[in-house]
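Report on one structure; see the data block that follows.
The values are calculated or read from the model by the stated rules, or taken from the named source; none is laboratory data. All values reported here derive from a predicted model rather than from experimental measurement. Positions of Cβ are backbone-derived with ideal geometry, glycine not excepted, and every protein chain shown enters the neighbour counts. With ligands, DNA and RNA removed, areas are computed over all heavy atoms of the protein, side chains included. Shrake-Rupley method; radii C 1.70, N 1.55, O 1.52, S 1.80 Å.
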Amino acid sequence: LPARGRAVTAGDILVLVRRRNAFVAELIRTLKELGVPVAGADRMRLTEQLAVEDLVALGNFLLLPEDELTLATVLKSPLFDWDDDLLYALAWPRERRSLWAELRRRAAERPEFARAAEELSALLAQADFVPPYELYAEVLSARGGRRAMLQRLGPDAADPLDEFLAAALSYERMHAPSLQGFLAWLAAGEAEVKRDLDQRGRDEVRIMTVHGAKGLQAPIVILPDTLQAPTRLSKILWSAEALPLWSGRDGRAPVFDLAKAAAMRRRDQEYRRLLYVALTRAEDRLYICGWNTRRPAPTGNWYELIKAGLETRAVPYDFAVDGADGWSGTGLRLEAPQTAAPAGERPETDQARPAVSEPEWLRQPPKPEPAPPRPLAPSRPVLPDPPARSPLSEDGADNFQRGRLVHRLLQSLPELPPAARADAARRYLGLPLHGLTEAQQTEIAVETVQVMENVAFAHLFGPQSRAEVPIVALLGDRAIAGQIDRLVVLPDRILIVDYKTLRPPPRDPDSVPQPYLQQLAAYRAAVAAIFPGRPVEAAILWTDGPLLMPIPAALLNLSTPAGASQPTPGAGAIA
């Protein structure tokens, strides 16, 4: 059938029913048996699905193994696929033992007994410790439950199984995960799953209720359920004065008849409003069919209403369907040929497309993906750090605390005006938590402020400098991520300072430990990649002094990471 100038796909077809009933389940099952892609019904009540009932029975057994009827249900379910003879052989005779105890006692007699006892015992051991979703996911996947369900119940069991697992996940997001709580929540809520069939991106036949299809359209719409009409009313009605009315079979009061007539009128109006929705969902074609049941169709159904409206306008049409179950007859067809192209769409043509040569990689196996290199963290060098002065030595603990305090002061004091730095340092060092004497406070404060006020190094702590600067760069095929203690960005050069504590400072740059040189070289290469063309200079501030030591560029070049380009040569010293 052509639709908008192209072949019809399953995704173009929308089947609308008045309400969900046995016909919908039979229709879905038949379409799947014929190999027609179908999205299933738009709504389903989980607790009424056979596959879900079997899973719930399994959960109830895991909660109460002494429940013999539940165990028998589980053994006859697709999970174990026992027949009546096998179940009878286990259940009779037995000497006042529960069915579960009898199964474990006789596990060695038959392979079926052994398999059931082993798997149920394993699940019982997990039931109190594993969340419901993980438990049922293992049953359906690793233990072959899904395959067994589909073999016994057919492909239409796939949707309930998926929705059951989704319900288990939803329960765990809102409640503490427990099997008993999940099963009680599922039974009390009578969970009805509403599936989103609004999108037409999938190539599947959609089956929806007319009420659920409000606002949707499809190229082809089929109405197979048009001979059913509402006939029942509640025995309790409401009068015009909002009073509840009830009447038995005989002797109904006139006020009840008036209320009944009003209720029937509202029911029929809603029935016709749904008919309007059903008739206006098709974009290209609308097929109206009737589905007879054992009972005669009630008067005033959709089929009669539509036929009465089409008889004066539609043209009789003879049709026949070939096949073993073929049928034929005469119907009515109302046709309005489309003269203009649909807006925003172009009909496909049969013009041959230009030939495209196959690329070489199309039929070749892909090359193995290269493993990403480990990010280079200069603050955690590969080589071991040099030995530190022991905190247990005579002055080791004091030097450790001294270096930490100097590091903190050099980080924070440059943010203050020069005149306020000395007082701020004394206030910070005078905090009781440091436990310093007045002499120690004065010594550390004076030495630290002198470093920042030194004319040769004043630009390191000026307004162009920044403390604790995070840096990320790519050096060749290596990523680098670290944090520079002090960075100064000047128009003509870049200055890097790294603080080192708890180390006896070396006498000259050649004596600096190799891990420190590698760290400074990595920082220098990363900064040079961010600021190309500017000389990058580096130094180490030994807080044990404190002592500022410039590192020559030639010494850093020997420790530059592999794959990184050499930075622009600088003066080799910070001065």
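Observations, loosely collected:
- Selection of the range 172-184 for residues being in a helix (DSSP H, G or I) and open to solvent by less than 80 Å² (accessible area, probe 1.4 Å) yields Glu172, Leu179, Gly181, Phe182, Leu183, Ala184.
- Whenever a residue of the range 293-314 is more than 17 Å from Arg232 (Cα to Cα), its partners that are open to solvent by less than 40 Å² (accessible area, probe 1.4 Å) and part of a helix (DSSP H, G or I), lying with C-beta atoms within less than 8 angstrom and at least six residues away or across chains, give the pairs Leu305/Leu275; Ile306/Leu275.
- Pick from the range 437-464, criterion crowded, with 18+ Cβ neighbours inside 10 Å and touching a Lys or Arg at 6+ places or on another chain (Cβ under 9 Å), ranking: nearest to Glu415 (Cα to Cα): Phe461
- For the range 59-76, the condition of being in contact (Cβ under 8 Å) with a residue 60 or more places away in the chain and open to solvent by less than 20 Å² (accessible area, probe 1.4 Å) holds for at least one residue.
- Considering residues of the range 314-341 that are charged (D, E, K, R) and in a loop (DSSP other than H, G, I, E, B) only, the residue modelled with the highest pLDDT: Glu335
- Considering residues of the range 474-523 that are surrounded by fewer than 19 Cβ atoms within 10 Å (Cβ to Cβ) and of a type in the set (Gly, Ala, Ser) only, the residue modelled with the lowest pLDDT: Gly476
- Residue count for the range 142-164, restricted to those that are free of Cβ contacts under 8 Å to residues at least 40 places away in the same chain and either closer than 25 Å to Glu26 by Cβ or crowded, with 18+ Cβ neighbours inside 10 Å (or both): 5.
- Hits in the range 239-267 (condition: modelled with pLDDT of 80 or more and open to solvent by less than 40 Å² (accessible area, probe 1.4 Å)): Ala259, Ala262, Ala263
Condition check ((1) among the β-branched types (Val, Ile, Thr); (2) over 18 Å from Leu547 (Cα atoms); (3) over 47 Å from the mean Cα position of the chain (by Cα)) across all residues:
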{"residue": "His434", "(1), (2), (3)": "no, yes, yes"}
{"residue": "Ala439", "(1), (2), (3)": "no, yes, yes"}
{"residue": "Ile444", "(1), (2), (3)": "yes, no, yes"}
{"residue": "Val455", "(1), (2), (3)": "yes, no, yes"}
{"residue": "Leu460", "(1), (2), (3)": "no, no, yes"}
{"residue": "Gln464", "(1), (2), (3)": "no, yes, no"}
{"residue": "Ile471", "(1), (2), (3)": "yes, yes, no"}
{"residue": "Gly482", "(1), (2), (3)": "no, yes, no"}
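- The range 37-46, subset open to solvent by less than 50 Å² (accessible area, probe 1.4 Å) and touching a helix residue (DSSP H, G or I) at 6+ places or on another chain (Cβ under 8 Å), residue farthest from Gln180 (Cα to Cα): Val38
Results for (1) in a loop (DSSP other than H, G, I, E, B); (2) within 26 Å of the chain's Cα centre (by Cα); (3) at pLDDT 90 or above, shown as yes or no for each residue.
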position: Leu161; (1), (2), (3): no, yes, yes
position: Ala166; (1), (2), (3): no, yes, yes
position: Leu186; (1), (2), (3): no, yes, yes
position: Leu197; (1), (2), (3): yes, yes, no
position: Leu227; (1), (2), (3): yes, no, no
position: Pro230; (1), (2), (3): yes, no, no
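- Subset tally (residues that are in a helix (DSSP H, G or I), modelled with pLDDT of 85 or more, touching a strand residue (DSSP E or B) at 6+ places or on another chain (Cβ under 7 Å) and of a type in the set (Gly, Ala, Ser)) for the range 527-557: 1
- Considering only residues in the range 112-141 that are among the hydroxyl-bearing types (Ser, Thr, Tyr) and part of a helix (DSSP H, G or I), the one that is most open to solvent (accessible area, probe 1.4 Å) turns out to be Tyr133.
- Listed by first and then second residue, the pairs linking a residue in the range 390-419 that is open to solvent by 40 Å² or more (accessible area, probe 1.4 Å) to a residue that is at pLDDT 80 or above, with Cβ atoms under 6 Å apart and 6 or more places separating them unless they lie on different chains, are His407/Tyr499; Gln411/Ala467; Leu416/Ala424.
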